[in-house]
Amino acid sequence: MRKLVYYVAVSIDGMIAGPGGEFDFYPEAPDMVEYLRAEFPETMPTHIRPGIGLEGVPNKRFSAVLMGRGTYKPALDAGIASPYAHLRQYVFSTSLGEIADPGVELISGDPVAAVRELKASDDQGDIWLCGGGKLAGTLLPEIDELIFKTYPVVAGAGIPVFAGELGARPFTPVDTRVFSHGGTITTYRPSPQ
């Protein structure tokens with residue numbers, strides 16, 4: 001069965017974006033960028049892939065991406081209706097009327113039911129939960145793995161990594177990598193109950 005993986009950038013105070021959805025406050029480190037390009041090439045948006053040497057590079061882990069409306073909106077605002085054309089794209093929203101690009105599927109129904117259907121499909125590759133916090137909160141019971149790119153910055157306010165009414169769910173760290181700027185990438189899996 002396919003895994004649902006919440007792979008996301010997060011500040012040390014638990015924010016995935018600022019109050020207006022901004023994410024330009026994350027400091028970069030060349031060694032972290034190179035690691036991400038090598039290990040998660042499919043998480044780079046389609047329109048920037050040629051400029052960073054990833055044109056034609058196959059997907060390594062994920063075959064689908066899930067986004068909430070707020071995560072999808074920056075691409076739309078930039079005139080990009082299909083930000084991850086190299087993946088199957090699903091946008092969860094009850095307020096978007098339609099999506100103009102046929103490569104992006106709008107899901108306005110139950111996110112949990114939709115994810116269970118995707119996980120049970122015969123498609124190859126895991127499912128990347130790109131954000132946002134509200135969608136992640138709803139899908140918390142379905143998440144099979146967390147990969148947090150934690151950056152050494154305090155956002156101060158913004159969109160939390162998980163939002164909404166949540167029940168506690170324990171996870172165990174299984175791998176951590178530290179980069180030159182002090183940022184980390186930590187993989188967590190659900191703890192045995």
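The numbers here are math on the coordinates, done by the rules we state, and not lab data. None of the values given here were measured: they were computed from a predicted structure. Positions of Cβ are backbone-derived with ideal geometry, glycine not excepted, and every protein chain shown enters the neighbour counts.
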So if I average 1/r over every pair of distinct C-alpha atoms in segment 63-124 and take the inverse, what Kirkwood radius in Å does that give? 12.1 Å
Principal axis lengths of segment 97-151 from Cα atoms, whole Å, largest first? 34, 27, 19
If you average the C-alpha positions of segment 111-138 and of segment 32-46 separately, how far apart do those two centres end up, in angstrom? 20 Å
Which of the aspartates and glutamates could be linked to LYS119 by a straight reach, that is with a Cα gap under 12 Å, when you skip same-chain ones fewer than 8 residues away? GLU142, ASP144
Please find the FRET efficiency linking LYS73 to ARG169, where r is the Cβ-Cβ separation and R0 is fixed at 25 Å, and quote it to the nearest 0.05. 0.35
Hull surface divided by four, with the convex hull built on the Cα atoms of segment 1-76: how many nm²? 6.4 nm²
Dividing the Cα radius of gyration by the Kirkwood radius, what Rg/Rh value follows for the chain? 0.93
By a straight-distance test (C-alpha under 17 Å), which lysines pair with LYS134 as possible cross-link partners, with residues fewer than eight away in the same chain excluded? LYS73
